1. What are the trypsin sites (Lys or Arg not before Pro) within the stretch 271-304 that DSSP puts in a loop, where the Cβ has at most 16 other Cβ atoms within 10 Å?
2. Please get the size of the charge dipole for the chain, origin at its Cα centre, with Cβ charges of +1 on Lys and Arg and -1 on Asp and Glu, quoted in debye to the nearest 20.
3. Give the separation of the Cα centroids, the stretch 140-195 to the stretch 92-133, in Å.
4. I need the trypsin sites (Lys or Arg not before Pro) found in the stretch 324-374, filtered to DSSP loop residues with at most 13 other beta carbons within 10 Å of theirs.
5. Hey, how many Å between the Cα centroid of the stretch 342-366 and the Cα centroid of the stretch 246-308?
6. Would you work out the Kirkwood radius for the stretch 323-370? I mean one over the mean of 1/r across all pairs of different Cα atoms, in Å.
7. What residues have an amide H closer than 5 Å to that of PHE260, excluding those fewer than 5 places away on the same chain, when H is modeled at 1.01 Å from N in the peptide plane?
8. Please list, in order along the stretch 299-311, the HN-Hα scalar couplings obtained from phi with the Karplus expression 6.51 cos²θ - 1.76 cosθ + 1.60 (θ = phi - 60°), rounded to whole Hz, x for Gly and Pro.
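The values are calculated or read from the model by the stated rules, or taken from the named source; none is laboratory data. As the structure is a prediction and not an experimental result, all values here were calculated from the model. As a convention, Cβ positions derive from the backbone with ideal geometry for all residues, glycine included, and neighbour counts pool all protein chains shown. In case anyone asks, the SASA skips ligands and DNA or RNA and just uses the protein heavy atoms, side chains included. Shrake-Rupley method; radii C 1.70, N 1.55, O 1.52, S 1.80 Å.
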Amino acid sequence: MSSEMSAAVKSGLDGVVAAATMLSSVDGEAGELIIGGYPLEEVAGRATFEETIHLLWYGALPTTAQLRDIKGVLAANRSLPEATFVLIQAAAARKIPAMDALRMALDSLSLELHEADTNDRMTPPFGLIARIPTIIASYARAVAGAEAVAPDPELGEAANYLYMLHGERADDEHVRALDTYLNTVVDHGLNASTFTARVIASTGSDVVSALVGALGALKGPLHGGAPGPALDMVFEIGTPERAEPVIRAKLERGERLMGFGHRVYKVRDPRADVLAAAATRLLARGAADATLYDLVHHVEQTALRLLEEYKPGRRLQTNVEFYTALVLHSIGLETELFTPTFAMSRAAGWIAHYFEQQSTGRLVRPQSIYTGPRDRQWVPVEER
Ligand code: ACO
């Protein structure tokens, strides 16, 4: 490829503006995230997840009556089609990765949520958001050889998720920490999975297809797959004095440190601050492991120092995934469930973007530069 050609190709689409959105704003230099008009710090620790869904889907936080309605609709739509349940059991028997099980099960929700079958365009979105936690919890329990726990309509989204996972009602502090986490990662500008959802929406396709595609994009380790490996690194380090040698060895081998660096944030990711505060709150109320908390802080400081030494000027800072690992682990989630739980939240953002993109009526269709050969001549198969 000539240098002129390669200059014209934006292979990672860096800096390309492909959508106008009212949903969230990410300022990577100021370290600022706005969700539906609110600075993240203003809402994340205060709202329930249901309130944040309402904010994104309807443009405002709900009134008391609206909140009662949205909670009622979600609570009433949590049960899974029988075929989805059977699929989950088959996936669990093979112990396939939880994100793959979620993707397959999510797709099967078309059995009940086909757009052609409903006059209300909000039926599929509510049905999807309500059922994703049931899929994840049923799968986790099936893999562990435990019976699925039926959803409890008395509980909100976060409390019910923890209840279906663990089979008992969760500590209020854990529910609050989970609400904070779900609010923190619900939307984030035109990230890879959201872009995927918008591309699918732009073709006029259905919302289940958009979510399945977005989920596939989220799964990769460069996007939503990092918090598990971030916690694995902390456990591998084990004690503060091992932080420096272990991290140095990884950087010497050219490995990336999971939970650090971001395409947009060149200062500290504000979501890391919100989640670090949630972890501190859990610790102060005796609902988190103090030794792990101290180790995580030490690993973070060591990693930032060594990243500056090995990658000077790249401005690699802590991203959301690092503290996600601490918060989700503290509320009793297995590492395998970190990315599915991220998806449970981000699905609300994907749906909001799906509708926003559809309202533009514009097909997303960029261009490519052809770099292959030209003027080849047909040769019959027996002569090749
Ligand atoms: N550890 C070590 N080095 C890193 C890291 C890291 N975590 N991140 C970037 N670098 C280095 C690269 O090796 C590269 O070095 P070079 O200039 O010597 O070649 C330089 O920093 C720039 O890296 P790019 O790949 O150009 O940066 P990009 O913007 O594409 O990367 C990304 C962003 C993918 C998130 C990257 O920082 C990364 O891989 N981080 C680890 C995975 C992770 O935490 N992902 C979660 C992101 S948050 C989210 O999606 C919700």
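1. Passing both the DSSP loop test and the Cβ count: ARG285.
2. Approximately 860 debye in magnitude.
3. Value for the Cα centre distance between the two parts: 16 Å.
4. Loop-located and lightly packed - ARG362, ARG374.
5. Result: 30 Å between the Cα centres.
6. 13.6
7. ASN319
8. 4, 4, 4, 5, 4, 5, 5, 6, 5, 5, 6, 8, 10
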